[in-house]
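Report on the structure given below.
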Amino acid sequence: FVAAGLSGINLIMVLIWLPESLSQEKRKEIISKDQPTITPKVLLEVLRRPKVGPILNISFFYGLAFALFTTMFSLFAQYELALDARQTGYVLAYVGFLIALVQGVGVGMIAKRYEEKWIILVATIILCLSLAAWAVTPSIPVLLLVMIPLALPSGVLNTILRSSLTKSVQADEVGGILGLSASFESLTRVIAPGLGGFLLGSIGTWAPGLVGAGIMIGVVFYAWARIVRERS
């Protein structure tokens, strides 16, 4: 009920305060155009675009690594740290608060001081190390400390990657590319529970974290090659 109430307040705030970004003439122009059908061929063409493709690839694999954490954390907390549902909920609320704080305050301050390419690279490195640390967390106090560097790059990447996407396409493509990005994010949430459950059940409670860290190692090198070096 609280979540529904917050969503209702958010809806009212959007209706009252969020301005339309496109003029009436621009909206009519977009509506009059033939909209492309999303097909595998179109998707591959989008991924081959030099600015858009790398960001979408980073978004997908970063999302998969982080989804391994979010979907497997409750089982990790139960089996490794003996936390009950209420205690696990408190920890996840703590992580959510940190992410919200970063997105609401920290991202703006960071974006003003550093280039997006360096923010993306550093955030992926921190997330890689944090997932590895989560995998071997021995106690609740250590877990609470590990959650700080784990939550912060997630809040940063969610915002910066979307910002980079909107800057990499034409104005009339923004909605479509953000929708495609959201679809990629949804796909990670389909893959992660099955993959994470298999790793946790077959190997151990530490496996989802280390596999997530391994994925992020690949993302770090990819971000360096396709974002940092190519934009320097």
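The values are calculated or read from the model by the stated rules, or taken from the named source; none is laboratory data. If you're wondering where the values come from, they're calculated on a predicted model, not measured in any experiment. What goes into the accessible areas is simple: the full protein's heavy atoms, side chains included, and nothing from ligands, DNA or RNA. Shrake-Rupley method; radii C 1.70, N 1.55, O 1.52, S 1.80 Å.
A few notes on this one:
- Base-10 log of normalised Debye intensity for segment 33-162 (one unit scatterer per alpha-carbon) at q = 0.09 Å⁻¹: -0.33
- Of the DSSP H helices in the chain, those whose Cα atoms cover at least 30 Å axially and whose Kyte score averages -1.0 or more: 52-81, 140-167, 174-202
- Of all accessible heavy-atom area on the chain, the percent that carbon and sulfur account for (1.4 Å): 67
- Among 184, 198, the sequence by solvent-accessible area, most first, with a 1.4 Å probe is 198, 184.
- Taking each DSSP H run with n ≥ 4 as -39500 (n - 2.57) and averaging over every residue of the chain yields -26500 deg cm²/dmol at 222 nm.
- Normalised alpha carbon radius of gyration of segment 82-146 [divisor 2.2 N^0.38 Å]: 1.34
- Over the C-alpha trace of segment 97-232, radius of gyration and Dmax come out as 16.1, 50 angstrom.
- Note on residue 41 and residue 203: the extension gain reaches 54.6 nm, defined as 0.36 nm multiplied by sequence separation minus the Cα-Cα distance.
- Using a probe of 1.4 angstrom and keeping all protein chains present, the accessible surface of the chain works out to 58 square angstrom per residue.
- Centroid-to-centroid separation of segment 50-97 and segment 101-177 [C-alpha atoms, Å]: 13
- Taking 116, 20, 29 and ordering them by how much accessible surface each has at a 1.4 Å probe, largest first, produces 20, 29, 116.
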